[in-house]
Amino acid sequence: TTFTVALTLQTATLDGTVAEPIRNLRRSTPPTPLAALRRTGSDREPTGRVLIAEDSELNQLVMLAMMDHAGVACELVQNGRDAIVRAATNEFDLILMDVQMPGMDGIEATAEIRALPAGAATVPIIGLTATDIPEIEQRCLAAGFTDLRQKPLDHAGLVALLMLYAPATLRESTPPSA
């Protein structure tokens, strides 16, 4: 038996009001750029840059919202191959890499990023995984991941990662336990 559920989600703003509903999570166009998700009344521009490699559209929306809340500028790609291209052609302070993606997974992509010229090869890469299988952890660390974290990652966990590996990405006003 297959069930289909249609949800209309509402996004709350910092002042407690409700923003426009999120509709049509399944789409063929790329996810909304971070600039379009800017909080109303935000008077600071983000500092630093983070690359997020994530294939799940729902996880993309959650990560973009958390990054926006932390005031972090980020770029989003949907697979390992695109992560390699972006890492090779742009400077990032941190890469958040989904371990299991279709096509080229995060493990293979990380190994290839580590083989790039010095700047890209040394950026911290944090693996995000929904599994806790020891063999996966070993493969990730062998491929060159800086750290491996369990999904789902909450806002406090994200801020802690940013403070540890890429403090320049955070706004001065971001509290460590937000």
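What to note about this one:
- Index of the failed condition, residue 98 passing every other in (1) closer than 15 Å to residue 147 by Cα; (2) modelled with pLDDT under 95: (2)
- Residues satisfying the stated conditions in segment 122-160, i.e. closer than 24 Å to residue 90 by Cα and of a type in the set (Asp, Glu): 147
- Considering residues of segment 104-130 that are surrounded by 16 or more Cβ atoms within 10 Å (Cβ to Cβ) and of a type in the set (Ser, Thr, Tyr) only, the residue farthest from residue 84 (Cα to Cα): 129
- Condition check for residue 108: under 18 Å from residue 78 (Cβ atoms) and in a helix (DSSP H, G or I): yes
- Scanning segment 64-103 for residues that are under 14 Å from residue 127 (Cβ atoms) and surrounded by fewer than 23 Cβ atoms within 10 Å (Cβ to Cβ) returns a single hit, 100.
The values are calculated or read from the model by the stated rules, or taken from the named source; none is laboratory data. Computed from a predicted model, the values in this text were never measured in an experiment. Because the Cβ atoms are built from the backbone with ideal geometry, glycine has one as well, and the counts that use them run over all protein chains shown.
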